[in-house]
Amino acid sequence: MELHLALDGRQDLAGQLYSQLRTAILEGRLTAGDRLPPLRSLAERLEVSRKTVGEAYERLAAEGFLQGRVGSGTYVSSVLTPTERPAKASAALQASARWRALAASWQMSVRQPARYSFAGGTTDKRRFPFDTWRACLHRALRLQARSPAFYAEALGYPELRLAISRYLAINRGVRCDWNDILVSQGAQQAIDLLARVMLAPGDLAVVEEPGYPPVRMAFEAAGARVVCVPVDGEGLRVDCLPEQARLVYVTPSHQFPLGQPMSLRRRLQLLEWARSRQALIIEDDYDGEYRFDGRPLESLQSLDHEGRVAYVGTFSKTLFPELRLGYLLMPAALRAELTAAKRLADQHSESLQQLALAHFIGSGAFAKHTRRLQREYAQRRQRLLSRLAGDLAPWLEALPAVAGMHLAARLRQPLDSARLCAQLAERGVLLFDLASFYAESPTMAGLLFGFGAIETEDIDPALDILRELLSQA
């Protein structure tokens, strides 16, 4: 135990030690059953005699705070119970009004384990090749052991940035130079860095309605005024964009949460709008690796010839959520400022996993893994669609989607979808209500079916429970 103890001068050392240990017990820093250091080791650490420590221990034992165990040591008495700490006389500290409001409005609760999970944006860790990943980590450890002890580059390891640029060029049709890649702590940090660099307090930022709440909150945290612009069957309504918007966030490959892709016509309109107003577009390609129908549309970034698009992606949806690594393809005009913002935020992303991921991608293991998941997710998606078009059709209508790891379905009948999700949770089925992704009213009544985490054989039993509850509503 390394409890902080500091003796002052050479007067009444035993009394000082007694007082500090007693206070530590009363305040709960030492709890019932904790073992105290042996007399000799504590005496050596404090540079006092064993007799001084012994006197303090004996006094505490006499008062019932300590008890000795033969052959084992000295322990805090097991009969003691924690006491409440006295209330402070002064008022509690308060965060800024902006952050208090953000904390109060946070709606996305921690996902509790469920027997049947349709959580959106969650991949299947059971399919991840952890043996291969372990070998990549061992290789990264060897490389780190031979490197000088210093901070890494703020933008990320060149090996990983090069691997990401090649992957984007081949698999996503994105035009990029590896020097323009920034490795972030997931896509959320990339969006936060862009907000810091682009938005001053009072600036106007646009998000999709419905959309991903943490993005809206990141813009609000930067002090921006956030406008929610509706989406339709072609994506974001460009005709509804406010004139003075400085930044627009979109999910064109697979709109979150409704699922439809943004049409080519609408993409070109958005690029022209940004060009004429010198605004930035954030393109979040959060799960575009998985495509099931039709020909892929070109990314906004690949259509952009003026550096108006910041392209954001993440490995949380292709590998596993705890791997907090994402990437940002920076517009050239913002590179210096984004580099400075990243350096200020955390110096650089965690380096060991960067090196491991670079090898995982370069060795072909990443491509092999995503192909395997593509086949698995296609089966799950098809099973969901079959049920939604079959026995669940009287209540639910699947919305069009050609990519991604989730499907959205509109409720055909006027039901309380929030209450339905609560009832499903009681039966072990995790589903999200589409209304929770709207910032304003009216909302679309419906459900979001993520199929990244649920096994194919579990889909039917889970949907049987849903059908039972719908038939009783």
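Things to note:
- Test: residue in segment 445-458 that is more than 27 Å from Lys317 (Cα to Cα) and among the polar types (S, T, N, Q): no
- Qualifying residue in segment 296-310 (condition: in a strand (DSSP E or B), within 28 Å of the chain's Cα centre (by Cα), modelled with pLDDT under 95 and surrounded by 14 or more Cβ atoms within 10 Å (Cβ to Cβ)): no
- Qualifying position, being in contact with a Pro (Cβ under 9 Å, 6 or more places away or on another chain) and surrounded by fewer than 20 Cβ atoms within 10 Å (Cβ to Cβ), among Gln379, Gln413, Gln374, Gln423: Gln413
- Top-ranked residue of segment 247-274 - restricted to ones that are farther than 24 Å from Ala224 by Cα and aliphatic (A, V, I, L, M), ranked as surrounded by the most Cβ atoms within 10 Å (Cβ to Cβ): Leu258
- Restricting segment 41-65 to residues that are part of a loop (DSSP other than H, G, I, E, B) and not aliphatic (A, V, I, L, M), the residue that is farthest from the chain's Cα centre (by Cα): Ser49
- Segment 159-179, subset farther than 19 Å from Glu350 by Cα and in contact with a Ser or Thr (Cβ under 8 Å, 6 or more places away or on another chain), residue modelled with the highest pLDDT: Asp177
- Residue count for segment 39-58, restricted to those that are surrounded by 18 or more Cβ atoms within 10 Å (Cβ to Cβ) and touching a strand residue (DSSP E or B) at 6+ places or on another chain (Cβ under 9 Å): 2
- Of all the criteria given as (1) in contact (Cβ under 8 Å) with a residue 24 or more places away in the chain; (2) in a helix (DSSP H, G or I), the one not satisfied by Phe320 is (2).
- Taking the listed residues Pro257, Pro261, the one that is part of a loop (DSSP other than H, G, I, E, B) and modelled with pLDDT of 95 or more is Pro257, with no other qualifying.
- Checking each residue in segment 326-342 for being more than 13 Å from Gly307 (Cα to Cα) and either surrounded by fewer than 19 Cβ atoms within 10 Å (Cβ to Cβ) or not basic (Lys, Arg) (or both) picks out Gly326, Tyr327, Leu328, Ala336, Glu337, Leu338, Thr339, Ala340, Ala341.
- Selection within segment 330-350 - more than 19 Å from the chain's Cα centre (by Cα) and closer than 14 Å to Ala190 by Cβ: Met330, Pro331, Leu334, Arg335, Glu337, Leu338, Thr339, Ala341
- Scan segment 109-158 for residues that are closer than 25 Å to Pro214 by Cβ and in a loop (DSSP other than H, G, I, E, B) and the total you get is 17.
- Asn171 passes every criterion in (1) within 29 Å of Gly452 (Cβ to Cβ); (2) in contact with a His (Cβ under 6 Å, 6 or more places away or on another chain) apart from (2).
- Subset of segment 157-177 [buried (at least 19 other Cβ atoms within 10 Å of the Cβ) and within 15 Å of Tyr311 (Cβ to Cβ)]: Arg161, Ile164, Ser165, Tyr167, Leu168, Arg172, Val174, Cys176
The values are calculated or read from the model by the stated rules, or taken from the named source; none is laboratory data. Fair warning: this is a prediction, and the values are worked out from it, not measured in the lab. Here the Cβ is made from the backbone with ideal geometry for all residues, glycine too, and neighbour counts use every protein chain on show.
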